[in-house]
Amino acid sequence: MRKSFLRKASIVLLSATMLMATACNKEIEVKYDYNVNDYVQLGKYEDIAVTVDKTSIENQLVDDKIAEDIENNTTYSEVSRGAVDGDQILVTYVATSSGSQSTGLSNTDGVTMILGKDKLGLDIEELDEALYGMKAGETKIMVIDLPETYSNTVYAGTKVVFELTVQTVSQPNVPMLTNAYVKETFGYDTIEEYRASVKDSLASTIDSKVDDEIQKQVLSTLQDTCKVSGYPDTLLSTLRDRYDQSVGFYADFTNQSKEEYCQQLYGMSYDDFIKKSAAQQLIMEAIVKDQKFSMREYDYKGDLDGFAGDNGYSDENAFVEKFGKDSVVKAMLVQKAQDYVIEHANIAYK
């Protein structure tokens with residue numbers, strides 16, 4: 001009797017455990033306030049053919065790193081002529097506004113900069129241009145009417161007198177890329193050995209750039225083969241709120257409007273950038289539906305930390321709190337669809 005009772009109890013406990021496991025790994029229900037099929041007509045999304053010039057990517061990265069190494073090993077010698085592009089100069093400047101020195105726009109310690117590459121940091125193009133041709137010990141006085149939109153709001157809309165003094169002008173002594181140079185500086189007998197070493201050190205960066213190019217080409221081709229006839233208002237609103245913060249941050253950082261930033265970086269208006277992002281998301285959501293992709297609790301919890309990190313959040317709880325679980329799951333499904341398309345692409349290298 002006791003053995004029978006224990007056996008029944010074990011069966012009950014096992015069943016309860018299985019029920020708990022099943023409940024913890026149930027499929028997560030995601031809700032959309034639109035039918036994606038009303039907006040997207042899917043085209044071919046498997047076996048998309050792209051060709052990636054891996055050799056050019058490798059060569060460009062290696063050349064950039066070698067140029068950086070040469071720059072780091074460039075020395076400078078003082079000269080008495082006027083400053084030209086590439087010269088290293090030491091500049092001091094004093095700003096006066098309403099008869100008093102403007103400490104926020106002055107630097108008496110001096111700024112060391114490479115002419116043509118660096119800026120004084122005042123966001124005043126006339127001052128940067130004035131440095132060309134100046135010799136060591138030369139001073140220029142310039143009167144600048146700062147615009148109302150000037151970045152330093154304390155002085156925006158005011159007239160400021162700047163006294164620029166070039167303390168030193170030094171010309172660059174750029175090393176020549178020769179076998180002797182790489183042997184003396186890096187310990188390699190030939191330029192070829194040096195390049196090979198640089199390439200090896202950039203292996204992960206090269207792989208990342210190649211992956212980026214694959215993704216770029218695959219997604220571009222995908223948007224050409226799928227027809228998007230419109231955009232749900234709620235999706236456009238959500239994306240606009242998101243990009244107002246992210247794109248707005250980088251635009252402000254570069255002293256540009258969102259419109260200028262998108263034109264410069266993507267070659268399109270800010271509104272077109274949002275619509276392009278919406279089209280890409282709609283296509284991926286249509287693939288999710290077509291492939292019947294789903295997300296279970298175990299997979300969600302297991303992938304959440306990495307997914308949050310990929311999106312710039314070190315704390316997965318803060319990530320979910322910011323966007324909500326439903327939005328995060330939708331984004332993870334979109335990522336799943338994107339991975340599927342790339343994994344099933346026909347990629348050729350040259």
Item to check | Filter result (in contact with a helix residue (DSSP H, G or I) (Cβ under 8 Å, 6 or more places away or on another chain) and among the charged types (D, E, K, R)) within the range 70-108 | outcome: none
Checklist entry - So which residues in the range 40-70 are open to solvent by 40 Å² or more (accessible area, probe 1.4 Å) and touching a residue at least 40 places away in the same chain (Cβ under 8 Å), if there are any at all? => result 41, 42, 44, 46, 47, 49, 51, 53, 54, 55, 65
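Are any of the residues in the range 268-277 in contact (Cβ under 8 Å) with a residue 40 or more places away in the chain and farther than 30 Å from residue 58 by Cβ? Steps first, please.
From the range 268-277, those in contact (Cβ under 8 Å) with a residue 40 or more places away in the chain are 275-276; that's our starting set.
Right, trim to farther than 30 Å from residue 58 by Cβ and you get 275.
For the range 268-277, residues in contact (Cβ under 8 Å) with a residue 40 or more places away in the chain and farther than 30 Å from residue 58 by Cβ: present.
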Checklist entry - Quick one: residue 37 ticks every box in (1) among the polar types (S, T, N, Q); (2) more than 30 Å from residue 348 (Cβ to Cβ); (3) open to solvent by less than 80 Å² (accessible area, probe 1.4 Å) bar one, so which box is it? => result (3)
Item to check | Those residues of the range 48-69 which are out of contact with any helix residue (DSSP H, G or I) (no Cβ under 7 Å at 6 or more places or on another chain) and hydrophobic (A, V, I, L, M, F, W, C), in sequence order | outcome: 49, 67
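For residue 291, are the conditions met, namely being touching a residue at least 40 places away in the same chain (Cβ under 8 Å), in contact with a strand residue (DSSP E or B) (Cβ under 8 Å, 6 or more places away or on another chain), open to solvent by 20 Å² or more (accessible area, probe 1.4 Å) and not hydroxyl-bearing (Ser, Thr, Tyr)? Break it down into steps so the answer makes sense when it comes.
Working: touching a residue at least 40 places away in the same chain (Cβ under 8 Å): yes; in contact with a strand residue (DSSP E or B) (Cβ under 8 Å, 6 or more places away or on another chain): no; open to solvent by 20 Å² or more (accessible area, probe 1.4 Å): yes; not hydroxyl-bearing (Ser, Thr, Tyr): yes.
For residue 291, the condition - touching a residue at least 40 places away in the same chain (Cβ under 8 Å), in contact with a strand residue (DSSP E or B) (Cβ under 8 Å, 6 or more places away or on another chain), open to solvent by 20 Å² or more (accessible area, probe 1.4 Å) and not hydroxyl-bearing (Ser, Thr, Tyr) - is not met.
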Checklist outcome for this item: Expected output for the range 133-151 (first residue among the charged types (D, E, K, R) and assigned to a loop (DSSP other than H, G, I, E, B), partner open to solvent by less than 40 Å² (accessible area, probe 1.4 Å) and at pLDDT 95 or above, Cβ below 8 Å, 6+ apart or cross-chain) is 135/82; 135/83; 135/166; 135/169; 138/165; 138/166
Checklist entry - Restricting attention to the range 185-228, which residues are outside any helix (DSSP H, G or I) and either farther than 30 Å from residue 278 by Cα or aliphatic (A, V, I, L, M) (or both)? => result 187, 188, 189, 190, 202, 228
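Taking residue 314 as the residue in question, decide whether it is open to solvent by 70 Å² or more (accessible area, probe 1.4 Å) and assigned to a loop (DSSP other than H, G, I, E, B). Can you show your working first?
Working: open to solvent by 70 Å² or more (accessible area, probe 1.4 Å): yes; assigned to a loop (DSSP other than H, G, I, E, B): yes.
Yes; evaluated as a whole, the condition is true for this residue.
Checking the conditions here, which among 161, 154, 166 is open to solvent by less than 30 Å² (accessible area, probe 1.4 Å) and either part of a strand (DSSP E or B) or in contact with a Gly (Cβ under 9 Å, 6 or more places away or on another chain) (or both)? Steps first, please.
On the way: 161 fails: open to solvent by less than 30 Å² (accessible area, probe 1.4 Å); 154 fails: open to solvent by less than 30 Å² (accessible area, probe 1.4 Å).
Residue meeting the stated conditions: 166.
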Next on the checklist: Here is a list: 304, 236. Which entry is modelled with pLDDT of 90 or more, in contact with a Lys or Arg (Cβ under 8 Å, 6 or more places away or on another chain), surrounded by 14 or more Cβ atoms within 10 Å (Cβ to Cβ) and more than 29 Å from residue 54 (Cβ to Cβ)?
Outcome noted: 236
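The values are calculated or read from the model by the stated rules, or taken from the named source; none is laboratory data. Since the structure is predicted, the reported quantities are computational estimates derived from the model, not experimental observations. Ideal geometry is used to build each Cβ from the backbone, glycine not excepted, and the neighbour counts take in all protein chains shown. These accessible areas exclude ligands, DNA and RNA; they are computed on the full protein's heavy atoms, side chains included. Shrake-Rupley method; radii C 1.70, N 1.55, O 1.52, S 1.80 Å.
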